[in-house]
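The values are calculated or read from the model by the stated rules, or taken from the named source; none is laboratory data. Note that the structure is a prediction, hence the values are computed from the model and not measured. Neighbour counts run over all protein chains shown; Cβ positions are idealised from the backbone, glycine included. The accessibility values were calculated without ligands, DNA or RNA, using every heavy atom of the protein model including side chains. Shrake-Rupley method; radii C 1.70, N 1.55, O 1.52, S 1.80 Å.
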Amino acid sequence: MSLELFGHPFSSYTWKALIALYAAELEFEFRIVDAEHPDNVEVVQSAGPLAKFPVLRDGENMLFESTTIIEYLSHHHASDMLIPADPDAAIGMRMLDRMFDNYVMEPMSQVVQEYIRDGENPDEARVAEARGKLERSYAWLEGWLQFYPPMDHVTLIECAAAPALFYADWVSPISSQFPRLRRWRAHLLQLPPVAQCVEDARPYRPFFPLGAPDRD
Ligand SMILES: N[C@@H](CCC(=O)N[C@@H](CS)C(=O)NCC(=O)O)C(=O)O
């Protein structure tokens, strides 16, 4: 039975799962979730309580939550290449995954949501608070990167980091105060599985609520 991923090419969490699928060189069907594909929307609605994507279908198995999807792919289809089988080695990786989702993706998406709510008149206090959180995360990552050299190998960390940093930098540019983080973001974007996501999402850039920058 073939793997099917339901998501959208411009969605950061869809990228997270796509990067894993591309890195493990797994065959899969991409099912776009949009108004023109109501069947795919229905699958996503039936998978989890809030109809969020990505969703992975593997025969009888239906999974939502990008990290869970990567855990499943790594264990069942990729010989543990995305998350080490050794529990201790995996703990640090899972902590970083939570770091990217909760402390980078979340404040980035708070800013985006504020512009979706009212692009002309976003709540400046909320935007400033979310950008402040991003700055604190950038500072933490700058320190962490002393011990984590850029790798060509893709793990759960790269899957979570690449989309989070790609869009976070659009919302709150990573300043020259954080040279290691800037270099690592550039490194991540040129990894083939990530570059593929960047290219496939390019046609949707005009829909970015803050206006997509003319780079990347
Ligand atoms: N924690 C979820 C977050 C998924 C998520 O927020 N997906 C967004 C797209 S990037 C979504 O489904 N948005 C549509 C909606 O919330 O209705 C995961 O890791 O998969």
* To do: Report, by residue number, each residue of region 70-81 that is open to solvent by 20 Å² or more (accessible area, probe 1.4 Å), in contact with a Leu (Cβ under 8 Å, 6 or more places away or on another chain) and away from the ligand (no atom under 15 Å from the Cβ).
  => 77
* Please identify the pairs in which a residue from region 165-179 that is closer than 15 Å to residue 132 by Cα has its Cβ atom under 7 Å from the Cβ atom of a residue that is loosely packed, with under 13 Cβ neighbours inside 10 Å, counting only partners at least 6 apart or on another chain. => 170/213
* **Filtered residues of region 158-199 (kept if farther than 20 Å from residue 109 by Cα, open to solvent by 10 Å² or more (accessible area, probe 1.4 Å) and not in a helix (DSSP H, G or I))** => 176, 177, 178
* Specify which of the listed residues (171, 127, 154, 112) is over 18 Å from the mean Cα position of the chain (by Cα) and not assigned by TED's automatic domain parsing to the domain that holds residue 24. => 127
* Among the candidates 131, 98, residue that is closer than 29 Å to residue 29 by Cα, of a type in the set (Lys, Arg) and at pLDDT 95 or above -> 98
* To do: For residues that are open to solvent by 80 Å² or more (accessible area, probe 1.4 Å) and polar (S, T, N, Q), tally how many sit in region 35-69.
  => 2
* Asked: Just one of 5, 73, 96 is part of a helix (DSSP H, G or I) and touching a strand residue (DSSP E or B) at 6+ places or on another chain (Cβ under 8 Å); which is it?
  -> 73
* To do: Could you tell me whether any residue of region 50-69 is within 15 Å of the ligand (Cβ to nearest atom), of a type outside the set (Phe, Trp, Tyr), assigned to a helix (DSSP H, G or I) and farther than 27 Å from residue 139 by Cβ?
  => yes
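Conditions (1) away from the ligand (no atom under 16 Å from the Cβ); (2) more than 30 Å from residue 78 (Cα to Cα); (3) not polar (S, T, N, Q), marked per residue:
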{"position": "112", "(1), (2), (3)": "no, yes, yes"}
{"position": "117", "(1), (2), (3)": "no, yes, yes"}
{"position": "120", "(1), (2), (3)": "yes, yes, yes"}
{"position": "133", "(1), (2), (3)": "yes, yes, yes"}
{"position": "152", "(1), (2), (3)": "yes, no, yes"}
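Residues are listed down the side, and each one gets a yes or a no for (1) within 16 Å of the ligand (Cβ to nearest atom); (2) without any contact (Cβ under 8 Å) to a residue 24 or more places away in the chain:
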| position | (1), (2) |
| --- | --- |
| 7 | yes, no |
| 12 | yes, no |
| 15 | yes, no |
| 22 | no, no |
| 25 | no, yes |
| 28 | no, no |
| 41 | yes, yes |
* **For residue 154: the one exception among (1) open to solvent by less than 30 Å² (accessible area, probe 1.4 Å); (2) farther than 18 Å from residue 97 by Cα** => (2)
